[in-house]
Amino acid sequence: MKTFRYETPTDPAAAVAAVAGHPGAAYLAGGTNLVDHLKLGVTAPDVLVDVSRLPLDVVAETAEGGLRVGANVRNSDLAAHPIVRRRYPVLSRALLAGASPQLRNMATTAGNLLQRTRCVYFRDLSTPCNKRAPGSGCTALGGYTRYHAVLGASEHCVATHPSDMAVALLALDAEVTVLGAQGERCIPVEQLYRLPGDSPERDTVLEREELILDVEIPAPEGAVSTYRKVRDRASYAFALVSVAADLTVADGLITGCRIALGGVAHRPWRAHRAEHVLLGSAPGDAVFAAAADAELADARPLDGNEFKVPLLRRTLVSVLRELTSEAVA
């Protein structure tokens, strides 16, 4: 057993200082991801800095009509929040699609966003994994790939990001506020995550000591939104594919559209090509299919997950059809 020191800072600045001062330190909040990795030996920090008691658990409206969500807000509380359910159904549905009720009661906003891949090879210390041990190789290439990437992968990593919440926040153009040794900065969720490239061990652009303080979501501006997750079983399963979409229709045309995809890439995937096809078009199955085809033009499925491409195409068309009927009702 590896021993470690446990610290409980009383404010975010002290937490950042504690991690910055110890190269082997890690943050601990709900622990639903980190504790698993401690048990498996995937990670072995020298210091655990518990941030779960920091006063970062408030959901509040902003002056601009948006919503600010503290880093320690529990997933179950956020999913059930009346403003989230009323104004941001895509977020509430994404949260309820994730994990189990027991885990949602523990998991935090920041922890959900920063959870690591559930690739079976990343969690298995007997197999090479570039994300866990850079330069060791990627066992998934030629291995079990049902849950792996079809977009944005590299020869070094084909793992997917597991968060449902992150996909919804990407479709909502949310941004995170983080605190580091150099002070605070705001990062759009779209810029928070990295593609694997030749450094798949780095999931995000965050510096090691940077701590998420909150997430800010813009005002909904009258759009309709939803989240749909396709998985192997009805609960407690990660996405094969998922779609988060936010749509506005006016005078018979799509005037606003934001789409994010999950289960298909190393990061939550913003569907910019699909959005470009849809904006200014009259809604209908033909244009929905054209949008899906544009987004999937560069898909590179692996042996064993080829089904994801037609599955994602059908799911995206179905979600857009559903939202259109709501928008014009």
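The values are calculated or read from the model by the stated rules, or taken from the named source; none is laboratory data. Note that the structure is a prediction, hence the values are computed from the model and not measured. Here the Cβ positions follow ideal geometry from the backbone for every residue, glycine too, while neighbour counts run over all protein chains shown. Side chains included, ligands, DNA and RNA excluded: accessible areas come from the protein's heavy atoms. Shrake-Rupley method; radii C 1.70, N 1.55, O 1.52, S 1.80 Å.
Taking region 33-58 only, how many residues are open to solvent by less than 40 Å² (accessible area, probe 1.4 Å) and not small (Gly, Ala, Ser)? Steps first, please.
If we filter region 33-58 for residues that are open to solvent by less than 40 Å² (accessible area, probe 1.4 Å), which is where we start, we get 33-34, 37, 41-42, 45, 47-52, 54, 56.
Okay, now just the ones that are also not small (Gly, Ala, Ser), so 33-34, 37, 42, 45, 47-51, 54, 56.
Number of matching residues: 12.
Given the criterion surrounded by fewer than 22 Cβ atoms within 10 Å (Cβ to Cβ) and within 16 Å of the chain's Cα centre (by Cα), identify the matching residue among ARG93, ARG85.
So the residue among ARG93, ARG85 that is surrounded by fewer than 22 Cβ atoms within 10 Å (Cβ to Cβ) and within 16 Å of the chain's Cα centre (by Cα) is ARG93.
If you scan region 311-329, which residues turn out to be open to solvent by less than 90 Å² (accessible area, probe 1.4 Å) and of a type in the set (A, V, I, L, M)?
Passing the criteria: LEU311, LEU312, LEU316, VAL317, VAL319, LEU320, LEU323, ALA327.
Any residue in region 311-325 that is in the same structural domain as PRO283 (by the TED database) sitting within a Cβ distance under 8 Å of a residue that is among the aromatic types (Phe, Trp, Tyr)? List the pairs, counting only those 6 or more apart or interchain.
LEU316/PHE288; VAL317/PHE288; LEU320/PHE288; ARG321/PHE288
What is the number of the single condition among (1) surrounded by fewer than 23 Cβ atoms within 10 Å (Cβ to Cβ); (2) closer than 16 Å to HIS266 by Cα that VAL167 does not meet?
(1)
Could you please find all residues in region 225-248 being over 30 Å from GLU155 (Cβ atoms), more than 15 Å from the chain's Cα centre (by Cα) and open to solvent by 30 Å² or more (accessible area, probe 1.4 Å)?
Residues satisfying the conditions are ARG233, ALA234, SER235, TYR236, THR248.
Checking ARG267 against (1) outside any strand (DSSP E or B); (2) open to solvent by less than 40 Å² (accessible area, probe 1.4 Å); (3) of a type in the set (D, E, K, R), which single condition isn't satisfied?
Only one criterion is unmet by ARG267, namely (2).
Can you tell me how many residues in region 291-329 are among the hydrophobic types (A, V, I, L, M, F, W, C), assigned to a helix (DSSP H, G or I) and under 24 Å from HIS148 (Cα atoms)?
We begin by selecting, within region 291-329, every residue among the hydrophobic types (A, V, I, L, M, F, W, C); these are 291-292, 294, 296-297, 299, 302, 307, 309, 311-312, 316-317, 319-320, 323, 327-329.
If we keep only those that are assigned to a helix (DSSP H, G or I) as well, we get 291-292, 294, 309, 311-312, 316-317, 319-320, 323, 327.
Among the residues that remain, those that are also under 24 Å from HIS148 (Cα atoms) are: 291-292, 294, 309, 311-312, 316-317, 319.
Number of matching residues: 9.
If GLU221 satisfies every condition in (1) modelled with pLDDT of 95 or more; (2) open to solvent by 30 Å² or more (accessible area, probe 1.4 Å) but one, which is the exception?
If we test GLU221 against (1) modelled with pLDDT of 95 or more; (2) open to solvent by 30 Å² or more (accessible area, probe 1.4 Å), just (1) comes out false.
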